[in-house]
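Structure first, then comments.
Only the coordinates and a few stated rules stand behind these numbers; no lab work does. Values in this document were obtained by computation on a predicted structure and should not be read as measured data. Here Cβ is always computed from backbone atoms with ideal geometry, including for glycine, and neighbour counts include all displayed protein chains.
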Amino acid sequence: MAKLKIEDLDKIAEEAKRKMNLREGSGKIKITVHMGTCGISAGARNIMTTFLNEIDSNKLQDVIVTTTGCAGLCSHEPMITVELVGQAPVKYIDLNEKKVKKIFSDHVLKGKLVQEYAYAIGSERIL
Amino acid sequence: MKAYRIQIMVCTGTGCVSNHAFDIRDALEKEIAKRNLQNETEIVNTGCNGFCGAGPLIVVQPEGIFYQLLKVTDIPHLVEEHFLKGRPVKKLMYTPPKEKTPIPKMSEIPFFADQTLIALRNRGMIDPENIDDYIARGGYKALAKALTSMTPNEIINEIKSSGLRGRGGGGFPTGVKWETCKHAHGDTKYVICNADEGDPGAFMDRSIIEGDPHSVIEGMIIGAYAIENVHQGYIYVRMQYPLAIQRFEIALRQANEYGLLGKNIFDKGFDFDIEIRRGAGAFVCGESTALMASIEGKVGEPRAKYVHTVEKGLWNQPTCLNNVETWANVPQIIIRGAKWFSSIGTGDVSVDAWGGSKGTKVFSLAGKVNNTGLVEVPMGISLRDIIYKIGGGIPRNKKFKAVQTGGPSGGFIPESLLDLPVDYEELSKVGSMMGSGGMLVTDEENCMVDLAKYFLSFTQDESCGKCIPCREGTKRMLDILERITMGEGKEEDLLYLEELSNMVVESSLCALGGSAPNPVLTTLKYFRDEYEIHVKEKKCPAGVCKPLINYVIDENVCIQVGHGCDICRKQCPDNAIMGEIKKSHYIDTKKCGKCGICYDVCKFNAIHIE
């Protein structure tokens, strides 16, 4: 290992940012893949790995991917929720790899909602 | 760097490791590979999470879900449900005592939610064996700031106005110590980190080292730069802390490789190195002069401090010794400023450096409390909040009796003073002390005389013997306490005890003797009635002192409720129980060895202590 310069500290921190964001539960964008039995059998795993690969190849640091259980809309699985910090979560349904790539390039990278695959904006109320 | 969706933070502090945390980690690895999740999940070994009573434990990120008391057999189900199907497993979560619903998120568990982290800010968040993790959390930025934009005097002024005081127990203002050392005459000076944590039941320093060793190292480098003419630092750590030593070694090696230690740090012309010195574990070596004698290779005995160690310390050179936790606070003060630090805590330090207690303090909460573990709280918090809010109260609905702060030579504080704010001066006023941060909770089943005897026997044993008041005084005090607990106490013993205590406090050479009588003095002050019952009535109200108690079977309960189950008779190792099945039983007190087995095995509560 070479001797560090002061500016190297920021470089190391930047490189580890993705890891730290995941650890701190922070990050600008959170993608939740619904992986109940219904989601898994409809191919949610493939959806999730596609996201992970896209994040990797685009070298994004502040996107976290996580999973949750069934969202209650089993007939439209696989589905995901995309949440940008400060904005209402958006649910996308009936996904496949092609749709995921579009959601990734439009919504995740550019912050533009993909209207045609979106099912709902916002989330249920919990009483 | 790969994109993961799950990070599993496995606590590998000493507490969890001794509860087989490494087996849990191996089982996780195996199960994750079996489910083909290894490309999506990362397992991170962290330092002590703090909630030692719940170990072995893991925290699953990004959701921050806390799983406790794990067994290897829980892992396949956990991996399948949570990591594969995204359904967190409720039965492995923490449920507060007296409640039914588990709390999934670590940040919402009261034990964690009511803490304020400065010294422990990286706990559970970084891999202590990876310097990049520390840097990613802002590590070594304080050093960069100190070396590039602050003069040594400015650093000292910052530490002074922050109000930081020694966390090892003395509470000496850190900035003042640094300044005195800086002005002391000498071309070669030293800084030392005191990691000789010897208090029974205390594990604050060990956990900081095991969880975040670089914070201590960074603090030392900043201190060395500020004091000037310091090119060598020592970490004095006891042999009984193998994991702490190992993590320090790794951290020092990585800091050296990055050039954060060694020659010309950050190209600013400042040279500094740190070496580890292992202590053999003598309690007295936590005392500054004894510690330095030990580093020099001499017998670890204290000397009279007419000349302070900041003037003439290690090898007769000016030496600045601070405790692990004190050093760990330094980088945060430099980064976030004295104003921020002094906004937390009590009093006002702007005029008088001794005028308040600022920042936070780490305590190891142990004894009769639901949530055993390591807590960091703001100065000024009440003892009641620590014990009941963070600690979750007393187990099994028992009644609180007293809390001992400050380790084996701290005093016992009774219920009536529980609203006392935690502050150096306030704790001293009631006869206890901040100490290094041990906090032992006792309940109605603890005998105060017995506890005073226990702690005095520790300090007596650890007395180095150099000065007579400590060596002989504590011995005679212990004799008296032993007599009292054997039922041979006399009324005048209490007066002798007090007189001896005051003599030892006033005339001992170092703080070991100077504080050893605290448990005796405070129990005499707040629980004198217990001593009097021991002496006058030859009884132990808590039922602890064996020679003063008898086990008695209530024959009615035995026959009517238990139908003479005969279990106690079979279990008694002394054959002291008479009776047979379906008949009532009784104990022959002459034969009874008072082991208490019958009391424990009786399911019908027919046996009581008299």
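Some notes on this structure:
- Straight-line cross-link reach from B:Lys312 at under 21 Å between alpha-carbon atoms covers these lysines, not counting any fewer than eight positions away in the same chain: B:Lys177, B:Lys182, B:Lys189, B:Lys298, B:Lys466.
- In units of the compact-protein estimate 2.2 N^0.38 Å, the stretch B:1-90 shows a Cα radius of gyration of 0.99.
- At 1.002 mPa s and 20 °C, Stokes diffusion of the stretch B:194-250 via Kirkwood alpha-carbon radius, µm² per second: 177 µm²/s
- Amide H contacts for B:Arg165 (H built 1.01 Å from N in the peptide plane; partners 5 or more residues away or on another chain; cut-off under 5 Å): B:Thr174, B:Lys358.
- Volume of the Cα convex hull of the stretch B:220-316, divided per residue and given in Å³: 96 Å³
- Size descriptors for the stretch B:360-431, from the alpha-carbon set: Rg then Dmax equal 11.4, 33 Å.
- In order along the stretch B:584-599, phi translates into HN-Hα couplings of 6, 10, 9, 9, 7, 5, 5, 7, 5, x, 6, 6, x, 5, 4, 4 Hz, rounded to whole numbers, per the Karplus curve 6.51 cos²θ - 1.76 cosθ + 1.60 with θ = phi - 60° and x for Gly and Pro.
- The fraction of all Cα pairs in the stretch B:272-366 landing in successive 10 Å bins from 0 to the largest distance is 13, 33, 31, 22, 1, given as whole percents.
- When the inverse distances between all different Cα atoms of the stretch B:25-171 are averaged and flipped, the Kirkwood radius reads 18.2 angstrom.
- Convex hull of alpha carbon positions in chain A: directionally averaged projected area 9.7 nm².
- The equivalent ellipsoid that matches the C-alpha gyration tensor of the stretch B:289-336 spans semi-axes of 26, 12, 9 angstrom, in descending order.
- Principal axes of the stretch B:458-555: Cα extent on each, largest first, Å: 57, 22, 19
- From phi via Karplus (6.51, -1.76, 1.60), per-residue ³J(HN,Hα) for the stretch B:549-558 in Hz, x at Gly/Pro: 10, 10, 8, 10, 9, 7, 4, 4, 5, 4
- The stretch B:516-610: C-alpha pair distances exceeding 23 Å, %: 36 percent
- Antiparallel DSSP beta bridges within the protein assembly as shown, as percent of all bridges there, nearest 5: 55 percent
- Counting only the Cα atoms, the stretch B:365-490 fills a convex hull of 125 Å³ per residue.
- In terms of surrounding Cβ atoms within a 10 Å radius of their Cβ, B:Leu78, B:Leu478 rank from fewest to most as B:Leu478, B:Leu78.
- Sorted fewest first by neighbouring Cβ atoms within 10 angstrom, B:Trp327, B:Trp178, B:Trp315, B:Trp340 come out as B:Trp315, B:Trp340, B:Trp178, B:Trp327.
- Using a cut-off of 25 Å between Cα atoms, the listed pairs A:Lys19/B:Lys91; A:Lys28/A:Lys99; A:Lys11/B:Lys2 include A:Lys19/B:Lys91 as exceeding that distance.
- Placing unit charges on the Cβ atoms of the charged side chains and taking the dipole of chain B about its Cα centre, the candidate lying farthest along the positive direction among B:Met125, B:Ala576, B:Gly86 is B:Gly86.
- Distant alpha-carbon pairs in chain B (separation over 30 angstrom), percent: 59 percent
- Charge dipole magnitude, Cβ of K and R +1, D and E -1 - the protein assembly as shown, Cα centre, debye nearest 20: 1520 debye
- Each principal axis of the stretch B:336-389 carries a Cα extent, and these read 40, 21, 15 Å when sorted largest first.
- Per residue, chain B reaches -9500 deg cm²/dmol at 222 nm when only DSSP H runs of four or more residues are counted, each adding -39500 (n - 2.57).
- A simple spin-label model places the labels of A:Asn96 and B:Lys91 4.1 nm from each other, with each point 7 Å out along Cα-to-Cβ.
- For chain B, a crude dipole built from +1 on the beta carbon of Lys and Arg and -1 on the beta carbon of Asp and Glu, taken about the Cα centre, is about 960 debye to the nearest 20.
- Couplings 3J(HN,Hα) for the stretch B:309-317, derived from phi with the Karplus relation 6.51 cos²θ - 1.76 cosθ + 1.60 (θ = phi - 60°), are 5, 5, 8, 9, x, 4, 6, 6, 9 Hz, where x marks Gly and Pro.
- Size descriptors for the stretch B:518-570: radius of gyration and Dmax over Cα atoms are 17.0, 49 Å.
- Arranged from fewest to most other beta-carbon atoms within 10 Å of their beta carbon, B:Met448, B:Met379 become B:Met379, B:Met448.
- In this structure, the pairs whose alpha-carbon distance is over 26 Å, taken from B:Lys570/B:Lys591; A:Lys30/B:Lys98; B:Lys105/B:Lys389; B:Lys368/B:Lys603, are A:Lys30/B:Lys98.
- Selected from B:Ile480, A:Ala13, B:Ile75, residue furthest toward positive end of dipole (the protein assembly as shown; charges at beta carbon): B:Ile75
- Cα-based convex hull volume of the protein assembly as shown per residue, rounded to whole Å³: 189 Å³
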